[in-house]
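The values are calculated or read from the model by the stated rules, or taken from the named source; none is laboratory data. Because the structure is a prediction, the values reported are computed rather than measured. Reconstructed Cβ throughout: ideal geometry from the backbone, glycine too, with neighbour counts over all protein chains shown.
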Amino acid sequence: MLIDYEHNWSKLIDIAFPWGEGELLGRAPEQWQRYILKQIDDGFMTIEQAILLAVASGHDVGKSALVSWIILFGISTFEDTRGVVTANTATQLMTKTWPELSKWHNLFIAKHLFEVTATSIFSKQPGHEKTWRIDAIPWSVNNTEAFAGLHNLGKRVVILFDEASAILQQIWEVTEGATTDEDTEIIWAAFGNPTRNTGRFFDCFHKLKHRWKTRQIDSRTVKLSNKIKIKDWEEDYGKDSDFFKVRVLGEFPATGEKQFISTALVDAARGKHIPIDQYNFAPVILTCDPAWTGSDELVIYKRQGLACEMLMKLAKNDDDTMVAGFLAGFEDEHQADAVFIDLGYGTGIYSAGKLMGRNWTLVSFGAASNTPGYANKRAEMWGAMRDWLKEGGAIPDDPRLCEEIPGPEYQVKLNGDIVIESKDDMKERGMPSPNRADALALTFAFPVRKKIRNDPKRRMENSEPREGYKVYA
């Protein structure tokens, strides 16, 4: 065991491998790799907090090599170290991350002390095979026990996430529970290309930046990268493209690879002021998106032209008559021209409103779309909301809404139609249910004309959807 270098990994790197010889001829650690090792050294100054590191990078910067070094240094400089390594997919973990470890283990000065198998590295010292090891474990949202049981009180824990952008929120949350042991050295490092501008890896560089030591690596600054290919990408896509940002600059994209509404579009609309004379001529539309589960919100929204606001939010509530009363009050107060309710859990609210003499409309998110190119009504409404944002729509400075709108991802079906990710699928990958965003999207369910208030018959005609649109009741 390399005790002399227990807390001095930035020095250990110079003697751990035969630099300048054989396959390492002309090779040396990159400056950014030394920087990360130094950050770990500095973190060893106190064990009151876990060492949390997040690195976003372009391609070919030596990320997998550094992951391997952290594994080898972590296990070889502290007796009975335990750890786990995972990646975005089992294929990435088993065909890229772990073979890279095997390569560096063969070059390692202390390779004779440790055995590397297809799924683990462990001590050869008798009696320590199970207590002194780091395992490669593919993550699964249905099997998080391996990440929950990483406690190693009084010793060391090493946790490594490779291609961390695609690791689900639940795995991050369960792993966080392993960082609470007192008097324990805990190193948690997450690496990856910044392919998504939502999720926990993105949060490490933004709302959780005060907790994580972060670094973004530009491929152009390292010796390993293919400068000719980078130049081609610059010419083909441009420096400001999301492609170049993610694959070269190590920056998060304005729009995620599967993101339907970009964060940049939301940021442009957030907190924007629209003069009243630019929307007061438009019809007033109210919506109600009932809560689906105990953790969701019931939301009532209002939109008029380019302006919108949330009128009410409630925790899951099964008192349909009470909710209908609130909705009717808002309808009268704002002289709404239409009220749309999500059919999913809204039938009771609709029925209560009908008893009050209200002419509200139920909308099925799964119904057929009236707009070509969208697989269902939900995709159609979200598409209309995206168009509205592009046309200058303004949204409140509401952090939750601004997180929810860019949250859903989309797919293109074989027939070319767009389908938006469901709430259940979003929850499975750790994203919040977009109740506020769905409530806003509901305002685009059908075209609405402004009522003529002094003519009851004309008022009723003008409140109905235009020809070709179906009312789901």
Checking ASP417, ASP387 in turn, the sole residue that is more than 18 Å from LEU298 (Cα to Cα), in contact with a Gly (Cβ under 7 Å, 6 or more places away or on another chain) and modelled with pLDDT of 90 or more turns out to be ASP417
Requested in this report: Consider ALA368 carefully, then state whether it is over 30 Å from PHE281 (Cβ atoms), loosely packed, with under 15 Cβ neighbours inside 10 Å and at pLDDT 90 or above.
Outcome: yes
message: Going by what's in this entry, would SER68 be described as of a type outside the set (Lys, Arg), without any contact (Cβ under 8 Å) to a residue 60 or more places away in the chain and under 22 Å from TRP132 (Cα atoms)?
response: yes
Of the candidates LEU150, LEU168, the one satisfying the condition of being closer than 16 Å to ILE186 by Cβ, within 32 Å of the chain's Cα centre (by Cα) and surrounded by 13 or more Cβ atoms within 10 Å (Cβ to Cβ) is LEU150
In the stretch 393-429, anything touching an Asp or Glu at 6+ places or on another chain (Cβ under 7 Å) and either hydrophobic (A, V, I, L, M, F, W, C) or in a loop (DSSP other than H, G, I, E, B) (or both) is listed as PRO396, PRO408, GLU421
Just one listed residue, out of LYS155, LYS209, LYS231, LYS213, is more than 21 Å from ALA50 (Cβ to Cβ) and charged (D, E, K, R), and it is LYS231
Of the residues in the stretch 341-357 that are touching a strand residue (DSSP E or B) at 6+ places or on another chain (Cβ under 7 Å) and not in a helix (DSSP H, G or I), the one that is farthest from ASN415 (Cα to Cα) is ILE341
So, first residue under 16 Å from GLU100 (Cβ atoms) and assigned by TED's automatic domain parsing to the domain that holds PHE73 in the stretch 118-139, second residue assigned to a loop (DSSP other than H, G, I, E, B) and of a type in the set (Gly, Ala, Ser), Cβ within less than 9 Å, six or more apart or across chains; the pairs are ALA136/ALA118
| Does PHE202 count as among the hydrophobic types (A, V, I, L, M, F, W, C), closer than 30 Å to TYR374 by Cβ, in the same structural domain as GLY62 (by TED's automatic domain parsing) and in contact (Cβ under 8 Å) with a residue 40 or more places away in the chain? | yes
Over the stretch 372-389, the set of residues farther than 14 Å from GLY416 by Cα and either surrounded by 21 or more Cβ atoms within 10 Å (Cβ to Cβ) or touching a residue at least 24 places away in the same chain (Cβ under 8 Å) (or both) is LYS377, ARG378, MET381, TRP382, GLY383, ALA384, MET385, ARG386, TRP388, LEU389
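Let's see how each residue does on (1) modelled with pLDDT of 95 or more; (2) over 30 Å from LEU249 (Cα atoms); (3) touching a strand residue (DSSP E or B) at 6+ places or on another chain (Cβ under 6 Å); (4) among the aromatic types (Phe, Trp, Tyr):
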{"position": "LYS11", "(1), (2), (3), (4)": "no, no, no, no"}
{"position": "PHE17", "(1), (2), (3), (4)": "yes, no, no, yes"}
{"position": "TYR35", "(1), (2), (3), (4)": "yes, no, no, yes"}
{"position": "GLY43", "(1), (2), (3), (4)": "no, no, yes, no"}
{"position": "THR46", "(1), (2), (3), (4)": "no, yes, no, no"}
{"position": "ALA56", "(1), (2), (3), (4)": "yes, no, yes, no"}
{"position": "ASP60", "(1), (2), (3), (4)": "no, no, no, no"}
{"position": "LEU72", "(1), (2), (3), (4)": "yes, no, no, no"}
The lone condition VAL448 fails out of (1) outside any loop (DSSP other than H, G, I, E, B); (2) at pLDDT 95 or above; (3) farther than 16 Å from VAL299 by Cα; (4) of a type outside the set (Phe, Trp, Tyr) is (1)
Quiz item: Given the structure, is ILE418 farther than 25 Å from THR144 by Cβ, of a type in the set (Val, Ile, Thr) and crowded, with 22+ Cβ neighbours inside 10 Å?
Solution: no
| said: So, GLY344, is that one out of contact with any Ser or Thr (no Cβ under 7 Å at 6 or more places or on another chain), at pLDDT below 95, in the same structural domain as ARG449 (by TED's automatic domain parsing) and not hydrophobic (A, V, I, L, M, F, W, C) or not? | reply: yes
Of those in the stretch 131-150 that are at pLDDT 85 or above, part of a loop (DSSP other than H, G, I, E, B) and of a type outside the set (A, V, I, L, M, F, W, C), the residue nearest to LEU93 (Cα to Cα) is PRO138
Quick count over the stretch 231-244, residues being in a helix (DSSP H, G or I) and either under 22 Å from the mean Cα position of the chain (by Cα) or in the same structural domain as VAL55 (by TED's automatic domain parsing) (or both), is 3
The stretch 245-340: strands (runs of 3 or more DSSP E) wholly inside it with 1 or more residues that are touching a helix residue (DSSP H, G or I) at 6+ places or on another chain (Cβ under 8 Å), β-branched (Val, Ile, Thr) and assigned by TED's automatic domain parsing to the domain that holds LYS451 are 284-289, 297-304
Has the stretch 175-192 got at least one residue that is in a loop (DSSP other than H, G, I, E, B), hydroxyl-bearing (Ser, Thr, Tyr) and touching a helix residue (DSSP H, G or I) at 6+ places or on another chain (Cβ under 6 Å)? no
Within the stretch 231-244, the count of residues that are touching a residue at least 12 places away in the same chain (Cβ under 8 Å) and crowded, with 19+ Cβ neighbours inside 10 Å comes to 2
request  = Test ARG429 against the criterion of being modelled with pLDDT of 90 or more and of a type in the set (Lys, Arg), and give yes or no.
outcome  = no
Every listed condition ((1) free of Cβ contacts under 8 Å to residues at least 40 places away in the same chain; (2) closer than 27 Å to ASN193 by Cα) holds for GLY74 save (1)
Every listed condition ((1) under 24 Å from LEU12 (Cα atoms); (2) at pLDDT below 95; (3) among the small types (Gly, Ala, Ser)) holds for SER120 save (2)
